[in-house]
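Since the structure comes first, as structure tokens, the remarks are kept for the end.
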Amino acid sequence: MSTTFSRAVVTGGAGFLGSHLCTELRRRDVEVFALDNFLTGDPANVAHLATDPGFHLVQRDVTDYIHVPGPVDLVLHFASPASPIDYLKLPIHTLKVGSTGTNNALGLAKAKGARFVLASTSEVYGDPLVHPQPETYWGNVNPVGPRGVYDEAKRYAEALTEAYRTTHGVDTAIVRIFNTFGPRMRPHDGRAIPTFIRQALRGEQLTVAGDGTQTRSVCFVSDLVRGILALAGSGHAGPVNIGNPWELEVVQIARDIIAETGSASTLRFIDRPVDDPQVRRPDTALASEVLGWAPEVDWADGLRRTVEWFRGIDTEETVAASAERRPE
């Protein structure tokens, strides 16, 4: 089954993923209401849509009551601090967005009779003891560790989404998003790829956590958006993993970025963060089976496009922000 939509709400619509979803929905001629409090999102991410009459940017905190006038047939709940530097700085807000914010977004979907898609995360698997991670794996999460505020916020959001489905009959779906990269990532968001690119372009040492042998599976943002909207248009409830199953060591990511940027940078190894996962790779068999989805953009092509975007962003802003450094 495939459903088309006419009016969508995207919470976190000015964020990295949310802005790409807004762009693709408008390309498909879906009217979009993007809600964002701009705590970690940026209006500049959707500036290209500012004059589009089918796009509406509304400053709103989803932990407050949400109202959108008129009919809505799709709610994409993507509001949340999503990088360690953000959720470690904003732990209580992160928990509130996952709990109260998810409840408000689900309430909107219920009131409008809309399809609801929750942006969950591979972080629900924690530091996994099963590899690769299928949707049936329950995870290995430390609820009182520093990452627990994000992990448990998303696990709670999943449970609440399922409860609305079974109790209120809301048409819900859960997508578990694995590491994603591409244009519009914040240079200082603390994640490995934007950090490495920023450092390489400035000729600084690339700060690799631990010995760099921990793995990540990175998916280019256009592939992720395509998978999310395929899930939205299906009747499937999920959870469904969306991510690229090709696994890379973090140290290899750093070396590839040095090569792509042509930088003379070297590597500097720093302490690993607490509860940093050793491995991360999605089992995407379910996405392939129920959505006919598979990633199409390979690492080299995606990295080239991402570096090109980073080269073009406001260098003054980048230089001014460079005083901020990753913890030693």
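Residue under question is ALA14, and the condition is that it be at pLDDT 95 or above, touching a Pro at 6+ places or on another chain (Cβ under 7 Å), over 16 Å from ALA114 (Cβ atoms) and in the same structural domain as PRO91 (by TED's automatic domain parsing); does it hold? Working first, answer last.
Working: at pLDDT 95 or above: yes; touching a Pro at 6+ places or on another chain (Cβ under 7 Å): yes; over 16 Å from ALA114 (Cβ atoms): yes; in the same structural domain as PRO91 (by TED's automatic domain parsing): yes.
In short, yes.
Among GLY70, GLY54, which is within 14 Å of THR23 (Cβ to Cβ) and touching a strand residue (DSSP E or B) at 6+ places or on another chain (Cβ under 9 Å)? Spell out how you get there, then give the answer.
Details: GLY70 fails: within 14 Å of THR23 (Cβ to Cβ).
After ruling out the rest, the residue left standing is GLY54.
To keep it simple, each residue is scored yes or no on (1) outside the structural domain of PRO146 (by TED's automatic domain parsing); (2) closer than 14 Å to ALA153 by Cβ; (3) in contact with a helix residue (DSSP H, G or I) (Cβ under 8 Å, 6 or more places away or on another chain).
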| residue | (1), (2), (3) |
| --- | --- |
| HIS20 | no, no, yes |
| VAL30 | no, no, no |
| LEU35 | no, no, no |
| PRO69 | no, no, no |
| VAL72 | no, no, yes |
| ASN103 | no, yes, yes |
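Count, please, the residues in region 188-247 that happen to be of a type in the set (Asp, Glu) and closer than 22 Å to GLY41 by Cα. Step through it out loud before you land on a result.
Here is the first cut: in region 188-247, the ones of a type in the set (Asp, Glu) are 189, 204, 211, 223, 247.
Now restrict to residues that are closer than 22 Å to GLY41 by Cα: 189, 223.
Selection size over region 188-247: 2.
Yes/no matrix, rows are residues, columns are (1) surrounded by 12 or more Cβ atoms within 10 Å (Cβ to Cβ); (2) modelled with pLDDT of 95 or more; (3) of a type in the set (Phe, Trp, Tyr); (4) not in a helix (DSSP H, G or I):
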{"site": "ARG255", "(1), (2), (3), (4)": "yes, yes, no, no"}
{"site": "ARG272", "(1), (2), (3), (4)": "yes, no, no, yes"}
{"site": "PRO295", "(1), (2), (3), (4)": "yes, yes, no, yes"}
{"site": "THR306", "(1), (2), (3), (4)": "yes, yes, no, no"}
{"site": "GLU324", "(1), (2), (3), (4)": "no, no, no, yes"}
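Among ASP283, ASP223, which is closer than 20 Å to PRO128 by Cα, of a type outside the set (S, T, N, Q) and touching a residue at least 60 places away in the same chain (Cβ under 8 Å)? Working first, answer last.
Numbers: ASP223 fails: closer than 20 Å to PRO128 by Cα.
Exactly one of ASP283, ASP223 is closer than 20 Å to PRO128 by Cα, of a type outside the set (S, T, N, Q) and touching a residue at least 60 places away in the same chain (Cβ under 8 Å), namely ASP283.
Residues checked against (1) in a loop (DSSP other than H, G, I, E, B); (2) closer than 19 Å to LEU90 by Cβ; (3) modelled with pLDDT of 95 or more; (4) within 15 Å of the chain's Cα centre (by Cα):
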| site | (1), (2), (3), (4) |
| --- | --- |
| ALA109 | no, no, yes, no |
| VAL117 | no, no, yes, yes |
| SER120 | no, yes, yes, yes |
| LEU129 | yes, no, yes, no |
| GLU135 | yes, no, yes, no |
| ASP151 | no, yes, yes, yes |
| LYS154 | no, yes, yes, yes |
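Tell me, please, whether a residue that is touching a Pro at 6+ places or on another chain (Cβ under 6 Å), touching a residue at least 60 places away in the same chain (Cβ under 8 Å) and charged (D, E, K, R) can be found in region 72-92.
No, every residue in region 72-92 fails to be touching a Pro at 6+ places or on another chain (Cβ under 6 Å), touching a residue at least 60 places away in the same chain (Cβ under 8 Å) and charged (D, E, K, R).
Got a sec? Which of ARG216, ARG184 is assigned to a strand (DSSP E or B) and closer than 16 Å to SER83 by Cα?
ARG216
What number goes with the only condition from (1) under 15 Å from SER83 (Cα atoms); (2) assigned by TED's automatic domain parsing to the domain that holds ALA82; (3) not acidic (Asp, Glu) that ALA192 does not pass?
All conditions pass for ALA192, except number (2).
Which pairs do you get when a residue that is farther than 27 Å from HIS188 by Cβ, found in region 24-52, comes within reach of a residue that is at pLDDT below 95 and β-branched (Val, Ile, Thr), reach meaning Cβ atoms under 9 angstrom, with the pair 6+ apart or on two chains?
Qualifying pairs under 9 Å: ARG28/THR4; VAL30/THR4.
The values are calculated or read from the model by the stated rules, or taken from the named source; none is laboratory data. What you are looking at is a predicted structure, and each value in this text was computed from that prediction instead of being measured. In this analysis, Cβ positions are derived from the backbone assuming ideal geometry, glycine residues included, and neighbour counts consider all displayed protein chains.
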